[in-house]
Amino acid sequence: MPVPAEFDGLRVVLVDVRNPLNIGAAARAMSNFGFPHLRLVNPYDVAFRNARSAVGAAATLATAEVYKTVAEAVADCSLVVGTTAVGHRDLQHSLVRLEKGAGAIRTHLAAGFCALLFGSEKFGLSKLDMSHCHWLMHIPTRDEHTSMNLGQAVAVCLYELMRDPSAVEKPAKGNPASSVELERMTDTLLNALRASEYPKLNTSKSFHGAVRRLVRRLRLQQGDAVFLLGMLRQMIWKMKKNEDAEG
């Protein structure tokens with residue numbers, strides 16, 4: 001099976017995974033379908049590189065990258081998609097089914113890197129993890145049993161991605177802003193809100209995540225992100241200058 005060159009732009013990111021065997025199973029699925037880049041955020045056991053479940057995928061495990069935070073793991077990606085079984089969770093993101101989401105990811109890979117996030121076996125992705133995502137994707141299952149084994153979920157998602165790689169829409173012109181640029185935008189916007197004494201900033205524990213989600217929903221291009229970042233920095237400088245003058 002020929003592997004499209006665009007598949008090199010996908011990063012499979014496993015967050016807080018507890019069982020090395022699940023990491024091995026995910027690596028095996030990646031090797032099956034031609035997705036070489038595995039990233040791990042805070043893996044529970046360093047012995048995952050020797051997972052026996054990674055049959056034929058030793059190279060994928062050997063080159064897996066380990067990060068302390070989701071922000072670091074997705075920094076170079078201009079699209080971040082989280083996976084969820086939904087269940088009884090109150091989601092703050094757009095949610096699409098696998099078949100539609102796979103098409104959107106394939107289209108994006110023609111223009112930039114994409115991170116596909118999978119959470120821990122017991123809890124899935126946290127709200128903080130999800131705040132780094134542009135949108136969420138789920139595998140349709142029967143209502144009586146929504147959760148899947150982590151390795152199986154990775155395999156199903158990657159199969160759908162490679163099932164019809166020719167069905168790719170023409171990507172939009174321009175380069176979308178990377179996650180590290182959007183995170184810089186988020187931090188600067190929060191600094192501007194602090195300088196303006198925005199009241200909700202100190203009253204809501206989830207406010208930071210809400211701002212991060214807002215910035216990602218803007219779908220900024222690189223040039224627009226730089227332009228807006230300059231505006232925010234000027235606003236902060238001006239507000240601090242006025243504050244110093246009044247003091």
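FYI, it's all coordinate maths here, none of it is from the lab. Remember, it's a predicted structure, so these values are computed and weren't measured experimentally. Virtual Cβ from ideal backbone geometry, glycine too; neighbours counted across all protein chains shown.
About the centre of its Cα atoms, the chain shows a dipole size close to 200 debye [charges on the beta carbon of Lys, Arg (+1) and Asp, Glu (-1) only; nearest 20 debye].
Do any of K68/K122; K68/K238; K127/K240; K127/K200; K68/K240 go past 26 Å between their Cα atoms, and which? Violating the 26 Å limit, Cα to Cα: K68/K238; K127/K240; K68/K240. Computed packing ranks the peptides 78-86, 224-232 as 78-86, 224-232, most packed first, by mean other Cβ atoms within 10 Å.
Computed from backbone phi, the HN-Hα couplings of segment 136-150 come to 10, 9, 9, 8, x, 9, 6, 4, 6, 8, 8, 7, 10, 4, 4 Hz, rounded to whole numbers (Karplus: 6.51 cos²θ - 1.76 cosθ + 1.60, θ = phi - 60°; Gly and Pro given as x). Could you tell me what percent of the DSSP beta bridges with both partners in the chain are antiparallel, to the nearest 5? If I count the DSSP bridges inside the chain, around 10 percent turn out antiparallel. Residues whose amide H lies under 5 Å from that of I139, counting only those 5 or more places away or on a different chain, are T84; hydrogens are built 1.01 Å from N in the peptide plane. Each residue of segment 181-195 was assigned a 3J(HN,Hα) from its phi angle through the Karplus curve 6.51 cos²θ - 1.76 cosθ + 1.60 (θ = phi - 60°); the sequence is 5, 5, 5, 5, 5, 4, 5, 5, 5, 5, 5, 5, 5, 5, 5 Hz, with glycine and proline shown as x.
Proximity of backbone amide H atoms, modeled 1.01 Å from N, is registered between A111 and no other residue at under 5 Å, excluding neighbours fewer than 5 places apart on the same chain.
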